[in-house]
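Remarks on the structure that follows.
The values are calculated or read from the model by the stated rules, or taken from the named source; none is laboratory data. Bear in mind that the values here come from a model prediction, so they are computed numbers and not experimental data. A quick note on method: Cβ atoms are made from the backbone with ideal geometry, for glycine too, and the neighbour counts reach across all protein chains shown.
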Amino acid sequence: MKILFRGGRVFTPAGVRQVAVLVNDGVIAGVGPEAELARQAPSHETVDLAGGLLTPGFTDAHIHPVQAGLERAKCDLSEVFGLDAYIAKIADYAAKNPDKAWVDGGGWDMSAFPSGLPHRDHLDFLDRPAYLIQRDHHAAWVNTRALDLAGITKDTPDPVDGRIERDPGGTPTGVLHEGAMDLVGLLTPRPTAQDMEDALEDAQRHLFSLGVTGWQDAIVGSYAGSDDQLPTYLSAARSGRLRARVAGALWWDRTRGLDQIDDLMERRSTAEGLDRFKAVSVKIMQDGITENFTAATLEPYCLCGGTGLSYVDPHKLKEYVAELDRLRFQVHFHAIGERAVREALDSFEGTDPANRHHIAHLQIIEPSDVPRFAALGVTANLQPLWATHHAQMDELTLPYLGEPRSSWQYPFKDLLDHGTRFCAGSDWPVSSADPLQGMHVAVNRTEPGDSVHAGYPTAGTPFLPGQRIDLATAMAAYTSGSAWINRSPAGVIEPGRPADLVVLDRDPFELPPEDIWTTRVRMTFVDGEQVG
């Protein structure tokens, strides 16, 4: 089948151009003047861009679709905000699901509560245990029944990789941070294989509707009560139900060392020969988040002290990364605090840039470490949606970071100026999976107009505006940059590439920057076939 995309502009490696694009049997066959391409294919279907923009399909370089799909099928709090709204949603879910042994789900926001902490008392109206994961997936909110089932009391010690929130007398309050989540999370009902497959299909439909045609699943393994997604991806890829181009980041178990390498190699081999799924990456989570003081910092947090957690011993980290690099694994780091970023960069010294290593999140980077990304050939994996003024930033982050550390956050422009390669992702379900919202923030450093945080008093005030980047750079990060990280053949509109394409309803390059968020996806194609 031949398709001619015409009537708008096209985002190409040479910039935004007024050209047409010809697709033949799922492959881009030509980019150029409409009349010339029409002569090459006298019999073709036409897609009228109607003044919109044609872009490569977006690739999300850090996302959790199976987890998102599971949460969408449970008590999903991600579309509401505030204690009253949460309680109403939870009560409604419990009433509609009387046969479920647990009320579980997630999506609550720390900034909805004083000091970022809900309480078990808020959930004790329920007639069963509750386990609700925080939006950032670094804490869980549980009720007294859940604590009792888990045997958690004032005498229960904190795990080495987490913390049980307690009141002044030592009684657990109902918030479990990081590794402490497993104390209850592992007691919740496990999803069946069919639940996992349904979750992936639901997530894929949602992502296609947003123009996302490929991604890197940032945890393919078991973590904080989650279940291993590898069998789900293998089944979907073998059956043809997985249409997106996916790389899986295999989970590095931080309770183990080099003894897990053989297991990782075996898991990688299970995906060999598959067209739509590769297990090419290993995910190392080096620290937590700033809001609960588990992000690894160089200097103590203001007001509360402490310098966070390094989940993997930095003295052993270099040995682990060197062995993964030798075995041609890509290493994908989670690093939020400036010490975690430095530990990740230190571990990459002497590794092969051809393995396409990358560090995700990068909330805080000590300025002297910024040039090291390009020098080491390490890609910065951006989650732009977080780089705004919102309640969590203004009320739970800035006061505890202090200056100058607060000004080191999300330094996109500094990284760009030093020649750093970018890819980008959403961390969905932590935040919206919409790449256009992420691009809006990267360009403006303000909340998109339809964000749940858009009403916050300073949401329209640019956050560290000197770190804004241009739209072309942001869009390239979500297309060619992330496709490159995934070793995907897509991500660029040029002859010979797969026709993974997105039709936008308008051209965001012709909009005022503050209106980028209003752009919507009209159509999504994978291999020249419309999927969204």
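A few remarks follow.
To keep it simple, each residue is scored yes or no on (1) in contact with a helix residue (DSSP H, G or I) (Cβ under 8 Å, 6 or more places away or on another chain); (2) not small (G, A, S).
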{"site": "F412", "(1), (2)": "yes, yes"}
{"site": "S426", "(1), (2)": "yes, no"}
{"site": "V441", "(1), (2)": "yes, yes"}
{"site": "V452", "(1), (2)": "no, yes"}
{"site": "T458", "(1), (2)": "yes, yes"}
{"site": "F463", "(1), (2)": "yes, yes"}
{"site": "T473", "(1), (2)": "yes, yes"}
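- For the stretch 516-529, the criterion of being touching a helix residue (DSSP H, G or I) at 6+ places or on another chain (Cβ under 9 Å), modelled with pLDDT of 95 or more and farther than 20 Å from S209 by Cβ is satisfied by no residue at all.
- Looking only at the stretch 92-126, and only at residues there that are part of a helix (DSSP H, G or I) and among the small types (G, A, S), the one that is nearest to S226 (Cα to Cα): A94
- Exactly one residue out of L77, L123, L70 is touching a residue at least 24 places away in the same chain (Cβ under 8 Å), crowded, with 23+ Cβ neighbours inside 10 Å, more than 30 Å from V19 (Cα to Cα) and touching a Lys or Arg at 6+ places or on another chain (Cβ under 6 Å): that is L77.
- Residues that are buried (at least 23 other Cβ atoms within 10 Å of the Cβ), more than 22 Å from S111 (Cβ to Cβ) and among the small types (G, A, S) within the stretch 263-295 comprise A279, S281, listed in sequence order.
- Single unsatisfied condition, K89 versus (1) under 30 Å from W484 (Cβ atoms); (2) assigned to a helix (DSSP H, G or I): (1)
- Being out of contact with any strand residue (DSSP E or B) (no Cβ under 8 Å at 6 or more places or on another chain) and in contact (Cβ under 8 Å) with a residue 40 or more places away in the chain is a description that applies to G116.
- Hits in the stretch 153-179 - residues which are outside any loop (DSSP other than H, G, I, E, B) and either closer than 23 Å to M285 by Cα or not basic (K, R) (or both): G162, R163, I164, E165, P172, T173, G174, V175, L176, H177, E178, G179
- Test: residue in the stretch 42-60 that is of a type in the set (F, W, Y) and surrounded by fewer than 22 Cβ atoms within 10 Å (Cβ to Cβ): no
- Assessment of the stretch 130-143 against the conditions (surrounded by 14 or more Cβ atoms within 10 Å (Cβ to Cβ), in contact with a Ser or Thr (Cβ under 8 Å, 6 or more places away or on another chain) and either modelled with pLDDT of 95 or more or on the phi > 0 side of the Ramachandran plot (or both)) yields at least one matching residue.
- Test: R238 is modelled with pLDDT of 95 or more, surrounded by fewer than 18 Cβ atoms within 10 Å (Cβ to Cβ), among the basic types (K, R) and outside any strand (DSSP E or B): yes
- Residues being surrounded by fewer than 24 Cβ atoms within 10 Å (Cβ to Cβ), modelled with pLDDT of 95 or more and not acidic (D, E) - total across the stretch 405-431: 12
- Candidate set: the stretch 517-530, residues that are touching a residue at least 40 places away in the same chain (Cβ under 8 Å) and within 10 Å of L501 (Cα to Cα); chosen: the one surrounded by the most Cβ atoms within 10 Å (Cβ to Cβ): F525
- Any chance V441 is buried (at least 23 other Cβ atoms within 10 Å of the Cβ), of a type in the set (A, V, I, L, M) and within 16 Å of the chain's Cα centre (by Cα): yes
- Just one of the listed residues (A474, A490, A483) is at pLDDT 95 or above, under 21 Å from the mean Cα position of the chain (by Cα) and closer than 14 Å to M439 by Cβ, namely A474.
- Selection from the stretch 165-187 of residues that are buried (at least 17 other Cβ atoms within 10 Å of the Cβ) and more than 23 Å from R256 (Cα to Cα): E165, P172, T173, G174, V175
- Selection count, the stretch 181-229, where residues are of a type in the set (A, V, I, L, M), modelled with pLDDT under 95 and under 15 Å from I63 (Cα atoms): 0
- Hey, T192 free of Cβ contacts under 8 Å to residues at least 40 places away in the same chain and more than 25 Å from K100 (Cα to Cα) or not: no
- Test: residue in the stretch 453-472 that is out of contact with any Lys or Arg (no Cβ under 6 Å at 6 or more places or on another chain) and crowded, with 24+ Cβ neighbours inside 10 Å: no
- Residues satisfying the stated conditions in the stretch 180-215, i.e. in contact with a Leu (Cβ under 9 Å, 6 or more places away or on another chain), over 23 Å from A433 (Cα atoms) and either of a type in the set (K, R) or in a helix (DSSP H, G or I) (or both): D182, L183, V184, G185
- Looking across the stretch 392-448, the residues that are in contact (Cβ under 8 Å) with a residue 60 or more places away in the chain, closer than 22 Å to I516 by Cα and of a type in the set (S, T, Y) come down to S426, S431, T446.
- Scanning the stretch 431-483 for residues that are part of a loop (DSSP other than H, G, I, E, B) and touching a strand residue (DSSP E or B) at 6+ places or on another chain (Cβ under 9 Å) yields A433, D434, F463, L464, I469.
- Set side by side, the residues A335, A340, A322 differ, and just one is closer than 21 Å to D259 by Cβ and without any contact (Cβ under 8 Å) to a residue 60 or more places away in the chain, which is A322.
- Of the residues making up the stretch 104-119, those that are over 21 Å from the mean Cα position of the chain (by Cα) and crowded, with 21+ Cβ neighbours inside 10 Å are D104, P118.
- Number of positions in the stretch 288-299 that are modelled with pLDDT of 95 or more and either among the charged types (D, E, K, R) or assigned to a helix (DSSP H, G or I) (or both): 1
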